[in-house]
Every structure is written in structure tokens, then in C-alpha cells.
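The block underneath contains the structure these notes are about, expressed in C-alpha cells.
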Amino acid sequence: MTVIETKKLTKTYGSARGITELDLAVNEGDFFGFIGPNGAGKSTTIRTLLGLIFPTSGTASIFGKDIVSQKTEILRDVGYMPSEANFYNGMRVRDIISLSAGMRKKDCSEEAKRLCERLDLDCSKRVDELSLGNRKKASIVCALQHKPKLCILDEPTSGLDPLMQREFFGILRERHEEGATIFLSSHILSEIQKNCTRAAIIKEGRLIALDSVENLSKTSAKRVTLHGVTAVPEGISVKSAEVSEDGVTFLYGGEIKALLSAVDQMPITDMTITEPGLDEIFMHFYEKGGK
Amino acid sequence: MTIYIKELKQSAKSWLIWTLSIGFMMLICVMMFPEMESQMDSVTDVFANMGGFTAAFGMDRLSFGELMGFYGIECGNIMGIGGGFFAALAGISVLANEEKERTAEFLLTHPVSRDSVLFQKLMSVFTQIILMNAAVVGISLLSAVIIGEEYKMTEFVLLHAAYLMMQIEIGCICFGISAFIRRGSIGIGLGLALALYFMNIICNISDKAESLKYITPYAYAEASNIISEAEIDMKLMWVGIAISVLAVIIGFMKYLKKDISA
């Protein structure tokens, strides 16, 4: 079952670009990564899906329901964590968590308590006194306390220390194992590669790649390292070349035969060809302007 | 109900400060009446020689020597300015503050429809205005008991009903405007209430500006008319009710289709 589906979803702000003809499909049980740098359209996509802003054209559905006309029904089963968590000044953390549960007409007190303990969140503090990290923690509790079927998380780890990031992803993985679909927007590629099963890359408002993280990593570009030389081979097109005392390393997306011919006359002592990391794939997509 | 209660809790401190301030000023004013009454001759002379100023505040048709006349002029101005400002602030900030404080994202990503959010917020504005007026009426009645006087109850009730409606109208207009704006709400709210207040003064001074009475809610809450006629100008009040309903409808229409800023 497709949990999130967008068809030619477009959002413009006057003459400014938001997202353009986005075709996205997130399946039930996916741990889905949504990758792009700041300003690529990640938050616009999420805000459109959640009904905070309205599409200019195209359609989108969550759980098979239209995001505009059936927004309230959809949000019952969605937990959302924004990139910047802002709450009502003067309220205490426990009041915010309770308000969030109240708006869902659910008693989530036990799960909220469990999450607060795991995240080491002091519920008696006023929200305007919280650090960025603690505001994030309160936001996590609000997003997850009702055990949603779909978790939409926009840059969730910014402001969380590494220990809390680990705990947070631990909680997410548990929810995923329990059957929840996770939609994680991030520009931190290592956390996508480590946690997600599928991912999409967005560039300047357009989707330029959507596949399993494994397949995305198996793109035609390879990381080639030559030892014993300090110059890149001539006659072939390479990217992201780095020269060191030990050798030279670069991304190569062409024919292997052409590569071997190019290095044939070079005094190399060793050569390795590896799959590049997701960060390199991301740069590859960005440099060549999409598939 | 969750949002309605949240709104009331959030505005409780502001409500208390405004209510106590207005109530305290009403109390002081009424307490001053026995002294004013004893100096009535000189006071009347002073006001009689103030030309347009006398008409502007309706003092040409009310007697300072009677509690009801004194109450209408003095307390009317306190309720007009204080109550009007309070209603304007309550209405103008109720939606705009969500975007200004960037809490709209939290609120609107919960399973509550936007029309329900708007309805609960509007009800909270009405509740604050009604409770403030109830408290002020209570303080006014208590003040009269303290000085051993009695109001003319028909005029007193009509006067406060008109003040209440006037504040609700200002609250509704500001609620409607609140749906359009994202920041700078306080200035707009207070400016609007002040503009409407002065429109009524201009209307009282000049016959040429009579048409302004159909715009400003202060016209049907004019104490000199209500106390001297013992009735509210219902024609003006119906116009006020129509403006209120229209402002709320426009506010709903705008907010239901509004892109919420990040």
C-alpha cells in the first residue's frame, strides 16, 4: 500500500519556486529518506502534505486520502516533527504534551511518560526556557506519543546531541519494526544511509532520484583510488578528484575499459574501485543535474 | 474545546490586568460622583462653555448632577476606550499571533479542522469580552452600593448591552483582519479601535460627518443617546451586527485557504 503519493505536485509562492511536478511514492513500512540541501523544497513538500500550505497544482494523498479535503482524518494517524519546534510561551512541557494529546482526543500519558524518560526530558520546565535540543525532545514526544502510523520528520536531529540522536533513531527503528512508516527529511546523508530503506533526492524543487538506498548507492559512478601517482588519468572524464601524497582519488562514471586504458601507461602501484557513499552520490546527482 | 480552553488559559493574565484596570477606573469614577454632585453648579458652567467639546462627548444631553448622566459620560469613556482596546487586542492577536510566534505549525498539524480552530478561537474572544463586561458591571453595581446611590436600571442595562455589542463588533472586525496579517497586529488593532472612537467624536461634532455613525460601533453605544432616550438605536446596532458577521465570514474564508508561513 502506498502511504504517501504525490502526482505532479507543484507549489509556487508567487513567482518564486517551491516544488515542481513532484511525483513521490512512499510505501507502507518504508523508512524513507528525503534528501536535499537547504532550499531544495523538502519543507515545502512536507508542509503541503500536512495541509499547512495549499498545492498550486497536482494532487497528493496520504493513506489514499486527499491532503486538502481529508486533511483532518489524515492527521489523526500522522505524527509530525518540524525542523524548528515552537511552542506557546509560558506553558510547561507537560502542558504542551497534554495539549497535543488533547487535540488528538487521546490519552497518551503512559507513552508520553515513557518517551520523556528515554529522552531525559524535564516536563516541569517552561517551554520558553528550553534549549533547542530540549525543544526538539518535546517535539519528538508530541509527534510520537499517539503512536502514529506515519511519522513525518523534518530535519529532526539538528540540535540533538549524538547520544540523543542515537536514542531518537532507536525509538524510530522500534516504531518502524512495529509497522509505522517513517518519512525522514534530512541533508545529513549519513543518517539517511544508516537508517533508511528507500530515499528520494530533491533538487531545486524537482525530484531527481527515487530508489532504494542500496540501489542509489549502486549508481554507475564509482570511487576510484590510484596509488603511486599524483595526477588524474588523461582522456577520461572524472569528478571530485583529490590528490594526496599517497595517490589520487576521483569519481568515475564512464566505461571501465576506458578507465583501464587510461591508467594502463601510468606507474600505479595499486588501484581500488569502490561504491561511493551516499554523500558522494548526492554530489554526483547535483553536479550532473539529475538523471 | 481543547483549543478554546487553551486560548482562555493563555489570555487569563492579560484579561485579568485589563479587567482590573477598567474595573478600578470605573470604581474610582463612581466614587467621585458624590463630590462632583456637590459641585454641580460650577461643573455645569464649565461644561456649558466648552463648545464642540461638550457635544463631542454627549455632555450637552446628560446631566452631571445625576448618577446616570455622570456614569454615562465618565464611565462610558472608560468602557469605550478601555473596553474597545481590550476587544481589539483580543481579536487581532488571536490568529496573527500563531504565525508571529510560529506556533501555527504546531496547532494546525493536529487533527483539528481549520474551521474548528477558528470557531474555538472566536468563541474564546467572545468569552473574554463577555466575562470582562460582566466583571465591570459587577464592580459598577458594587460602587453604587458603596456611595449609597442607585442607577436607573433600564438605562444601565441598555448602556452595558450596547458597550458589550460594541466590543464584540470591534473584536469581530479585528478577528477578520487577524486572518490576513502575520505580524504587527497590536498596532493595527489599537489603531483601528482608536480610529472608530474618534469617528464617533467627529460624528457628534459635525452634521456633515453623520454617515460615519453607520461605520463606527461607538455610535450606537453613545451614552447620551441611550440614557436620554432610554433605548438603543437598533438601526445602527443591526448595521453593527451585519458588519460583525461579515468580518467573521471574511476572516473564515481567508484563513481556510491561507498558506501558513513557516
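Quick notes
- Fewest-first ranking of B:Glu149, B:Glu74, A:Glu178, using other Cβ atoms within 10 Å as the exposure measure: A:Glu178, B:Glu149, B:Glu74
- Least to most buried among B:Met132, A:Met1 (fewest other Cβ within 10 Å first): A:Met1, B:Met132
- Partners for A:Lys106 among aspartates and glutamates (Cα-Cα distance below 15 Å; same-chain residues under 8 apart left out): A:Glu73, A:Asp77, A:Asp95
- Taking every C-alpha pair closer than 8 Å and separated by at least 6 residues, the mean separation divided by the residue count of region A:186-263 gives a relative contact order of 22 percent.
- Residues A:Tyr252, B:Tyr255, B:Tyr214, ranked from the fewest to the most other C-beta atoms within 10 Å, line up as B:Tyr214, B:Tyr255, A:Tyr252.
- Eligible lysines near B:Lys13 by straight Cα distance, threshold 23 Å, same-chain separation 8 or greater: A:Lys125, B:Lys100, B:Lys121
- Taking label positions 7 Å along the Cα-Cβ direction at both B:Ile146 and B:Ala209, the computed distance is 3.5 nm, reported to one decimal.
- Max-minus-min Cα coordinates of region A:222-275 on each principal axis give 26, 22, 17 Å, with the largest extent listed first.
- Helical contribution to [θ] at 222 nm, DSSP H n ≥ 4, -39,500 (n - 2.57), averaged over chain B, rounded to 500: -24000 deg cm²/dmol
- Rel. contact order, % - alpha carbon contacts under 8 angstrom, at least six apart, region A:222-275: 49
- Kirkwood Rh (inverse of mean 1/r, distinct Cα pairs), the protein assembly as shown, angstrom: 27.8
- Between the beta carbons of B:Ala134 and B:Ser14, assuming R0 = 22 Å, the FRET efficiency works out to 0.85 to the nearest 0.05.
- Full extension of the segment from A:Ser158 to A:Phe54, taken as 0.36 nm per residue of separation minus the current Cα-Cα distance, would add 34.8 nm.
- If you take all other residues with their beta carbon under 9 Å from the beta carbon of A:Tyr80, and give Lys and Arg +1 and Asp and Glu -1, the sum is -2.
- For the listed residue pairs A:Lys42/A:Lys136; A:Lys42/B:Lys6; A:Lys11/A:Lys136; A:Lys149/B:Lys258; A:Lys42/A:Lys239; A:Lys7/A:Lys194, the alpha carbons are over 21 angstrom apart in A:Lys42/B:Lys6; A:Lys11/A:Lys136; A:Lys149/B:Lys258; A:Lys42/A:Lys239; A:Lys7/A:Lys194.
- Over chain A: helical MRE at 222 nm, DSSP H runs n ≥ 4 each giving -39500 (n - 2.57), nearest 500: -9500 deg cm²/dmol
- Nearest-ten-degree value, helix A:132-144 long axis tilted from longest Cα axis of chain A: 70
- Percent RCO, i.e. relative contact order, over region A:2-215, from Cα pairs under 8 Å lying at least 6 residues apart: 30
- Residue by residue along A:46-59, Cβ atoms of other protein chains within 10 Å of the local Cβ number 3 on average.
- Shielding by partners for peptide B:96-107, expressed as the average number of C-beta atoms from other protein chains within 10 Å of each residue's C-beta, is 4.
Values quoted throughout were computed directly from the atomic coordinates according to the rules given, and no laboratory measurement underlies them. Predicted model only: the values in this text are computed from it and were never measured. FYI the Cβ positions are ideal-geometry reconstructions off the backbone, even for glycines, and counts take in every protein chain you see.
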